[in-house]
Amino acid sequence: MPVRAFQWEDGRLRLLDQRTLPNREVWLDIRSYEQAAGAIREMAVRGAPAIGIVAAYGMALAAQSGVPRETASALLAAARPTAVNLFWALDRIGRLPVWSFETVLAEAQAIEREDLEMNLRLAKHGASLVPQGARVLTICNTGSLATAGHGTALGIVRTAHAQGKLRHVYSCETRPRQQGLRLTAWELLKDGIPFSSIADGAAAWLMAQGEVDLVVVGADRIAANGDTANKIGTYALAVAARHHGIPFVVAAPSSTVDPATPDGRSIPIEERAAEELTEVEGVRVAPAGCPVRNPAFDVTPGSLLAAIVTEQGVFRPPFLFQT
Ligand code: MRU
């Protein structure tokens, strides 16, 4: 069975709680737009495309209970600031001529369906960049759990594996939330794709040993000039890849491209709670009073990218995305 992060069923959204994976597969019942916003904020669902789709279903739940469109949209938009897919989906729902449950639900379902189609297309384009026998390094989780299915960067990995090109995946642990260690490892094991999880700090060393042929990552927002916000640690990977002459590729559906944002300086970077660093599985590991900075994303300059892959094809620098 393919991995699914959510499913609309009997008037509610069933959501696989990504906070308890891989140890427990818990399905949440999301019955209101407030619960949808909470699930995004608390990262029961995460990954840019998945956040957008769940927000769209949250709008359907609001319409179902007669909540004004603006009220629901404002709360959902405040859930997380960096992934533009959230605002893209809310904007799409906001432009519907009719505010009715049936119309909004149909649009949410279309957004979900289109995301899967975009991922399958972009994965084919991206796989053309994967050399035979490649060892590919990635970060965070960009797979089925982060999307409507197949995934973006991990979708390229899946397609390259199906084409018999892939030798090995190095999956960064992705501190502090460990999306790589908990979620990407879970997906890759299910698919039987050969991989090793690595500590984030091991990536540059493996590159120096000649063990990485290509880096492929996802995106939360791609500015008009190609500057790309993605999970914290992505920028360091891009700098290390450039130093070692390894191509660095960003993969995302066009819903992640934000031509209205001119460059990376205009992308809001989410800062999350200190406890994500100071605690591991609820156990405090830092001394009491330890000061913390916890930016959840960073921006990789477009100049460090070999390519940006969307469902529309492979884009090479210099990038200029237009509305
Ligand atoms: O904080 P997260 O887990 O939502 O961050 C996710 C990422 O950074 C992903 O790389 C990005 O959203 C793309 S998911 C296809």
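The values are calculated or read from the model by the stated rules, or taken from the named source; none is laboratory data. Every value quoted in this text rests on a predicted model; they were computed, and no experiment measured them. Don't worry about glycine lacking a Cβ; one is built from the backbone with ideal geometry, like all the others, and counts go over all protein chains shown. SASA here: full protein model, heavy atoms, side chains in, ligands and nucleic acids out. Shrake-Rupley method; radii C 1.70, N 1.55, O 1.52, S 1.80 Å.
For the pair residue 120 and residue 243, what calculated FRET efficiency results from E = 1/(1 + (r/R0)^6), where r is the Cβ-Cβ distance and R0 = 30 Å, to the nearest 0.05? Intermediate results must be reported in sequence, preceding the final value.
On the way: r = 33 Å, r/R0 = 1.11.
The pair residue 243/residue 120 has a calculated efficiency of 0.35.
By how many degrees, 0 to 90 and rounded to 10, does the Cα axis of helix 84-94 deviate from the longest principal axis of the chain?
20
Rounded to the nearest 10 Å², what accessible area does residue 283 have for a 1.4 Å probe in the complete protein model?
Its heavy atoms expose roughly 90 Å² to the probe.
Could you tell me the accessible area of residue 299 in Å² (1.4 Å probe, neighbours in place), rounded to the nearest ten?
The value for residue 299 is about 40 Å².
Between the stretch 1-24 and the stretch 91-122, how far is it from one alpha carbon centroid to the other, in angstrom?
Value for the Cα centre distance between the two parts: 19 Å.
Using only the alpha carbons of the chain, what is the convex hull's orientation-averaged projected area in square nanometres? Kindly include the intermediate steps, with their values, before the conclusion.
On the way: hull surface 64.5 nm².
If I average the Cα hull's projected area over directions, I get 16.1 nm².
Give me the distance between the Cα centres of the stretch 49-72 and the stretch 186-249, rounded to whole Å.
33
Determine the gain in length on full extension of the stretch residue 205-residue 1; use 0.36 nm per residue of separation and subtract their C-alpha separation, reporting nm with one decimal. Working shown, then result.
Values: separation 204, 0.36 × 204 = 73.44 nm, distance 3.61 nm.
In short, 69.8 nm is gained.
Pairing the Cα long axis of helix 234-243 with the longest principal axis of the chain, what angle in degrees results, from 0 to 90 and rounded to the nearest 10?
Once rounded, one gets 20 degrees.
Order 175, 158, 46, 316, most accessible first, counting only protein heavy atoms with a 1.4 angstrom probe.
Result of the area sort, largest leading: 316, 175, 158, 46.
Note the direction-averaged projected area, equal to a quarter of the hull surface, for the Cα convex hull of the stretch 1-121, in nm².
Details: hull surface 29.4 nm².
It is 7.4 nm².
State, to one decimal in nm, how far the label point of residue 320 lies from the label point of residue 78, with both points 7 Å from Cα in the Cβ direction.
Each label point lies 7 Å from its Cα, and together they span 4.0 nm.
Can you bin the stretch 123-315 into rounded, prolate or oblate? Criterion: square roots of the alpha carbon gyration tensor eigenvalues sorted a ≥ b ≥ c, rounded for a/c under 1.5, prolate for a/b above b/c, oblate for the rest. Present the calculation step by step, with values, prior to reporting the outcome.
Details: a/c = 1.61, a/b = 1.22, b/c = 1.31.
Oblate is the answer for the stretch 123-315, as a/c is 1.5 or above yet b/c matches or exceeds a/b.
Keeping all protein chains in place and using 1.4 angstrom, which order do 272, 31, 221 fall into by accessible surface area, from largest down? Working shown, then result.
Working: 272 45, 31 140, 221 20 Å².
Descending accessible area places them as 31, 272, 221.
Over the stretch 165-323, what is the mean sequence separation of C-alpha contacts under 8 Å (at least six apart), divided by residue count, expressed as relative contact order in percent? Before the final figure, lay out the partial values.
Working: 279 pairs, mean separation 39.5, N = 159.
About 25 percent, as a whole number.
Tell me the label-point distance for the pair residue 9, residue 24, using the 7 Å Cα-to-Cβ offset, in nm and rounded to one decimal.
1.8
Antiparallel as a % of all DSSP beta bridges within the chain, to the nearest 5?
Values: 20 of 39 bridges.
So the antiparallel bridges in the chain amount to around 50 percent.
Just want to confirm a number: the relative contact order over the chain, from Cα pairs under 8 angstrom separated by 6+ residues, in percent. The partial results should precede the final answer.
On the way: 696 pairs, mean separation 53.3, N = 323.
The value is 17 percent.
Placing +1 at every Lys and Arg Cβ and -1 at every Asp and Glu Cβ, with all other atoms neutral, what dipole size does the stretch 123-315 have around its Cα centre, in debye to the nearest 20? Could the numbers behind the result be given before it?
Details: 16 positive and 18 negative charges, 80 e Å.
Around 380 debye, computed over the stretch 123-315.
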